[in-house]
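Read the structure below first, then the notes.
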Amino acid sequence: MSDVVITEVNDGVMTITLNRPEAKNAVNLAMAEGVAAAIDELDSNDEIRVAILTGSNNTFCSGMDLKAFVSGEVPYIKGRGFAGLTESPPAKPLIAAVEGYALAGGCELAMVCDLIIAADTAKFGVPEVKRGLAAAAGGLLRFPRQLPYRVAMELALTGDFMDAGRARDLGFINETVPAGEAVSAAQALAAKIAGNGPLAVKLSKQVVRDSQDWSTDEMFGRQQDILQPVFVSEDAMEGAIAFAEKRAPNWKGR
Amino acid sequence: MPFVAANTPVIVGASQFTERINDPDYAMLSPVAITARAAELALADAGMADCRAHIDTLMTTRIFEDSAPHLEGPFGRSNNFPRSVCQRLGMTPETAIWATSGGDTPQKLVTEACDRIWQGDSKAVLVSGGEALSTTRFLQKQGSDVDWSEGSNESVVDRKPTLDYATHDELMHGLVSPPLFYGIMENARRIAAGVDVKTWADQMGALFAPFAAVASKNPLAAQRDRAFSPADLVTIETGNRRVVDAYPQRLVARDQVNQSAALVVISTALADELNIPTENRVYLHGQATAGELPITLRPELGQAPSAGLALRRALERANCNTDDISYFDFYSCFPIAVSNAIDAIGLSGDDPRGLTVTGGLPFFGGPGNSYSMHALAEMVTCLRVNPGKFGLVAANGGLLSKYAAGIYATTPAAYEPYDSADLQEEMSKQTAPDFEKNPSGEGRLEAYTVAYDRDGQPKAATIVGRLLASDARFIAKVGRDAPTVLDVFSRDEADDRSVMVTPSELGNSFIFCDAVTHE
């Protein structure tokens, strides 16, 4: 894996760092490939329970690398989307730890994450319209699912930024922390998730995500199809026995 | 001899193997190796040692440590148990089947082998199982770093362990091992019968003493040195600590054994081709199975009607009744496994024919899910020397969760598959009391069990009861921090007392309403 994406795994938590500080972590093809490879590792390695996506040098990501783009390099991976991620989120939980700017494609990357922790100085936005472009990497699609309608429209049509305080008040992000502490706060959140039953966590995420497309008539049936294995899993048995024996569960992920 | 069709399945090989730590040739065999040893002996018994290529299917039971997430052993394991056994035997059968967990599986595998042969899917099946838990403990004490891990990526039908014997609420309220679940069921049966603790203990001792007597004469049994009197079995003394309420050690399946057993089941056509003597052929005359829900979802905690249903149907399928049976082997992990079965078909504990051919799980040995493979092997050997006599093997799995019964004889019989679906249909018609997960208020006891530490001190109690207000069933527990509650059980005074139950984040707990402290 190239050093434009740095990955590290500690106690079941993978940290994926976008690392092109000279370009405010703008996404080029190498970075997209690096993110896609990291996500493959996240979903295929049983030792990893959850991942954090962050950027180096106190900024999250400024979007697509326009210099690379004009030279003909497109930072999309077929089937995976922009930065190898926006069209194909992982099955396991992903937390964005945002310092500085999450703009354009960077904002769209944060939005594909399940949870967002941001520095109180962070800013979010999709300024594409200001340059005659549109936020096509999921921004326009996810805004109305993650924000009230009028706010979604405001951000989409003005291209203005939203600061972290407003984003928190609207429930767009989970928590604001002092500048420089986004990663450590994300690690604390990740540790809680990593301590839970891995199969239960993964399938719970799937239900929360997929159910947005289900009708009222079918939703409980479809939920049952997904969750049924949880209730007869080794982890369900282990969770109950560990509770009775007053010890930490020894999860198997099955 | 009456004609039987060429696809009629026959058992033509049966063998057992035991090794003990003090044996001069003790080989410290792994679970795979000890299972392969019995399989090798069964092939030899069938006269098929030199034509083992006929075996197209090998089946194994599931060892204890592959049966639940918290039972993992210290020395590694095979990732493909049946194929590892095949490797030891130098065989590459087309099909390998790795059973689910449960003591009922040996009979179910034999039935499946017979079905496969009758349908033409197989010509010859080797069915095997074994455990080496005594060796595991021995090596652990020695600080051994033996490596039993092995693998095969050859095809296997892996049925995975059965994990739904118990509800989440049962496990969370302290029922975390079989003796505790069986203790609940045993006490429920006793309380429903209105019998006091002492009298019930005497009855359990009387039920199991004949098992111990059979084991004392069985050279393969773990407990051979001594025939216990009923009183010996239930007197708490050195070597017979209280494991749970209501069981002392001597009434509990003995799993610290190294035992394996195997059977060879082939088609009549192949048996004829191999010139296997007709007197060595044993036929499955009838079999049936039935299963239960987890215990707190059953109508009566002390009754598992699946056993009676399966036994009666197996007899019916074999066109006989209990009077026609000369030899029995009832699965005997705990007394209620036997009493629940024999009461249902009108046998008494002192039946002169005996209720076991091996000595039973506490005395012969209880090698995990494969005990009944020994019962089957012993039965086959016994029926061969008593041609025309009938034998019944009854196997129990889980927490009186699954029952399988088979009837055998050297007398030829046409085979006809039977899937017991109508019995399960009948079981599903039962209705149980509502279960209240967050009970609050006064209740009466249906059952209880107490867990003891190695020093014989009570450490926790679990009760199942009914709320007086709604009649809903509930489960609750207390630990060492409730010594006055535990004392009530120690004094055998719990039966007629009502309880006050309270839900909490840490589970439901209870006190005795009229708990007068006797300090």
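Observations, loosely collected:
- Rounded to whole Hz, the Karplus (6.51, -1.76, 1.60) HN-Hα couplings of the range B:90-96, x for glycine and proline: x, 10, 10, x, 4, 10, 10
- Evaluated over the Cα positions of the range B:290-432, the convex hull gives a direction-averaged projected area, one quarter of its surface, of 8.5 nm².
- If you take all other residues with their beta carbon under 12 Å from the beta carbon of A:Ile77, and give Lys and Arg +1 and Asp and Glu -1, the sum is -1.
- Cut-off under 5 Å, modelled amide H: who pairs with B:Asn240 long-range: none
- From largest to smallest, the equivalent ellipsoid semi-axes obtained for the range A:111-249 from the alpha-carbon gyration tensor read 35, 22, 10 Å.
- The range B:2-37 and the range B:144-163: distance between their alpha carbon centers, rounded to Å: 20
- Residue exposure sequence - A:Val201, B:Val264 - by fewest surrounding Cβ within 10 Å: A:Val201, B:Val264
- Secondary-structure-derived ellipticity at 222 nm for chain B, considering helices only, amounts to -9000 deg cm²/dmol, per-run term -39500 (n - 2.57) for DSSP H runs with n ≥ 4.
- Cα lying deepest toward the dipole's positive end in the range A:46-180, options A:Ala91, A:Ala136, A:Met111, charges on Cβ: A:Ala136
- Cα Rg, Dmax, the range B:406-450, angstrom units: 21.0, 61
- The mean number of partner chain beta-carbon atoms within 10 angstrom of a residue's beta-carbon across peptide A:244-252 is 3.
- Lysines whose Cα lies under 16 Å from that of A:Lys202, excluding same-chain neighbours fewer than 8 positions away: A:Lys92, A:Lys192, A:Lys252
- Across chain A, Cα pairs under 8 Å and at least six residues apart give a relative contact order of 16 percent.
- Sum of side-chain charges, B:Arg317 neighbourhood, beta-carbon under 14 Å (Lys, Arg +1; Asp, Glu -1): -4
- For B:Ala27 and B:Phe3, a Förster radius of 60 Å and the Cβ-Cβ distance give a FRET efficiency of 0.85, rounded to the nearest 0.05.
- Equivalent-ellipsoid semi-axes of the range A:76-119, from the Cα gyration tensor, Å, largest first: 19, 13, 5
- Restricting the calculation to alpha carbons of the range A:5-194 gives Rg and Dmax of 15.2, 45 angstrom.
- The Cα atoms of chain B give a gyration tensor whose axes a ≥ b ≥ c have a/c of 1.5 or more with a/b greater than b/c, which makes the shape prolate.
- Qualifying trypsin sites (Lys or Arg not before Pro) for the range A:75-168 [loop in DSSP, other Cβ within 10 Å: at most 12]: A:Lys78
- Annotation for B:Lys198 and A:Leu133: the two label points, set 7 Å from Cα along the Cα-Cβ direction, are 9.0 nm apart.
- What the phi angles of the range A:118-131 give under the Karplus curve with 6.51, -1.76 and 1.60, with θ = phi - 60°, is a coupling list of 9, 5, 5, 9, 6, 10, 10, x, 10, x, 3, 4, 5, 10 Hz, glycine and proline written as x.
- Two-decimal Rg to Rh for the range B:79-133 - Kirkwood Rh, Cα set: 0.96
- Net charge of Cβ neighbours under 14 Å - reference A:Asp120; Lys, Arg +1; Asp, Glu -1: -2
- Here the ratio of the Cα radius of gyration of the range A:198-244 to 2.2 N^0.38 Å is 1.31.
- For the range B:422-482, the normalised intensity computed at q = 0.19, 0.28 Å⁻¹ comes to -0.77, -1.08 (log10 of I(q)/I(0), Debye sum over alpha carbons, equal scatterers, no solvent).
- Tensor-based shape of the range B:205-333 (alpha-carbon gyration tensor, a/c under 1.5 rounded, otherwise prolate or oblate): oblate
- Percentage of interatomic Cα-Cα distances in the range B:1-106 larger than 25 Å: 29
- Degrees between helix A:29-44 axis and first principal axis of chain A (Cα, 0 to 90, nearest 10): 10
- Distance cut-off 18 Å, percentage of C-alpha pairs in the range B:201-271 lying past it: 48
- Residue-normalised convex hull volume from the C-alpha trace of the protein assembly as shown: 205 Å³ per residue.
- What the phi angles of the range A:223-238 give under the Karplus curve with 6.51, -1.76 and 1.60, with θ = phi - 60°, is a coupling list of 4, 4, 4, 7, 7, 3, x, 4, 6, 10, 8, 4, 5, 4, 5, 4 Hz, glycine and proline written as x.
- Amide hydrogen neighbours beyond the local backbone of B:Ser152, cut-off 5 Å, H modeled: B:Asn79, B:Asn80
- Counted residue by residue at 0.36 nm each, then reduced by the alpha carbon distance between them, the extension gain from B:Gln119 to B:Arg226 reaches 33.8 nm.
- Pair-distance distribution P(r) for the range B:441-512, from all Cα-Cα distances in 10 Å bins starting at 0: 20, 57, 21, 2 percent.
- In chain B, the longest principal axis of the Cα atoms and the axis of helix B:105-119 are about 40 degrees apart.
- In chain B, lysine pairs with alpha-carbon atoms under 18 angstrom apart (chain gap of 8 or more, or interchain): 7
- Rounded to 5, percent antiparallel among DSSP beta bridges of chain B: 80
Read-outs: derived from the displayed coordinates by stated rules, not from any lab. All of these numbers come straight from a predicted model, not from anything done at the bench. Don't worry about glycine lacking a Cβ; one is built from the backbone with ideal geometry, like all the others, and counts go over all protein chains shown.
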